[in-house]
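K.L.:
Can you keep this structure in mind? I'll have questions shortly.
The values are calculated or read from the model by the stated rules, or taken from the named source; none is laboratory data. What you see is a predicted model, and the numbers here were worked out from it, not measured in a lab. Here the Cβ positions follow ideal geometry from the backbone for every residue, glycine too, while neighbour counts run over all protein chains shown. Ligands, DNA and RNA are excluded from the accessible area calculation, which covers all protein heavy atoms including side chains. Shrake-Rupley method; radii C 1.70, N 1.55, O 1.52, S 1.80 Å.
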Amino acid sequence: MTIIDARTGLERLTRDECVAMLTTQELGRLVVTDGDRALVFPVNYAMDGDAVVFRTADGIKLLTANHHRVAFEVDETDRATRSGWSVVVQGVAQEVTKFDRVDVIERLAALELEPWAAGDKPHLVRIVPLQITGRRIHHKSQGDLSCR
């Protein structure tokens, strides 16, 4: 069932629709906090069920994400039709370590996850989702006051 927000005209996506949309992309934005600053990092990712998985190097991204609440956003837009969607995952980031179950380590290591940025990215991080939400905007033609 399609749910349209009466105030904004945006379609609210179900969790399953959001997860399906997450699987169509490979670049998203990780949002972490460092003190009173929000930091946003573009990262390549892959999906493991409903969990987002990415690789990273040592540094501020790993330090501020690991074992903390994070947000992860992915979107797709079509400027010509003024349409698109956005999905946000709220969750807890967890570095995958040698202490995780062997089957989990092997499954995540086998994901097609090739960072675009140069350099060694030895840390595999999984975002365990607490909430996944999304919205879609549809193009409205002149005189059409309803979303398609």
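K.L.:
Regarding region 58-144, what is the average projected area of its C-alpha convex hull, in nm²? Each step should come with its number before you reach the end.
P.N.:
Details: hull surface 33.2 nm².
Averaged projected area of region 58-144's Cα convex hull equals 8.3 nm².
K.L.:
Starting with the highest mean, order 40-52, 70-82 by the number of other Cβ atoms within 10 Å, averaged over the residues of each peptide. Write down the numbers at each step before the final one.
P.N.:
Details: 40-52: 17.2, 70-82: 14.3.
The peptides rank, most packed first, as 40-52, 70-82.
K.L.:
Could you compute the net charge surrounding Leu27? Neighbours are other residues with a C-beta less than 12 Å from the C-beta of Leu27; K and R count +1, D and E count -1.
P.N.:
Details: positive: Arg29; negative: Glu26, Glu73, Asp75, Glu76, Glu114.
In short, -4.
K.L.:
So for region 1-141: antiparallel DSSP bridges make up what percent, rounded to the nearest 5? Could you put the intermediate results ahead of the total?
P.N.:
Details: 47 of 48 bridges.
Roughly 100 percent of the beta bridges in region 1-141 run antiparallel, per DSSP.
K.L.:
Between the alpha-carbon centers of region 4-24 and region 73-131, tell me the distance in whole angstrom.
P.N.:
When both Cα centres are located, 19 Å separates them.
K.L.:
Residues of region 1-124: accessible area per residue at 1.4 Å, in Å²?
P.N.:
Numbers: 7600 Å² over 124 residues.
Accessible area per residue, region 1-124: 61 Å².
K.L.:
Another question about this same structure. Pop out the carbon and sulfur fraction of the accessible area of region 1-55 as a percent, whole number, probe 1.4 Å.
P.N.:
On the way: 1630 of 3150 Å².
Carbon with sulfur: 52 percent of the solvent-accessible area.
K.L.:
In debye to the nearest 20, how big a dipole does the chain give about its Cα centre with +1 on each Lys and Arg Cβ and -1 on each Asp and Glu Cβ?
P.N.:
Working: 19 positive and 22 negative charges, 95 e Å.
Around 460 debye, computed over the chain.
K.L.:
Calculated FRET efficiency, Glu76 and Asp34, Cβ-Cβ r, R0 41 Å, to nearest 0.05?
P.N.:
The formula returns an efficiency of 0.90 here.
K.L.:
Right, something else. Which whole-number value in Å³ per residue fits the convex hull of the alpha carbons of the chain?
P.N.:
138
K.L.:
Next question, about the same structure. Please work out the FRET efficiency for the pair Glu95 and Ala20, using the Cβ-Cβ distance as r and a Förster radius of 22 Å; give the result to the nearest 0.05. Spell out each step's value before the answer.
P.N.:
Working: r = 27 Å, r/R0 = 1.21.
Working from the Cβ atoms, E equals 0.25.
K.L.:
Charges only on Cβ, +1 for Lys and Arg, -1 for Asp and Glu: so what's the dipole of region 26-107 about the Cα centre, in debye to the nearest 20? Before the final figure, lay out each step's value.
P.N.:
Working: 10 positive and 14 negative charges, 34 e Å.
Here region 26-107 has a charge dipole of around 160 debye.
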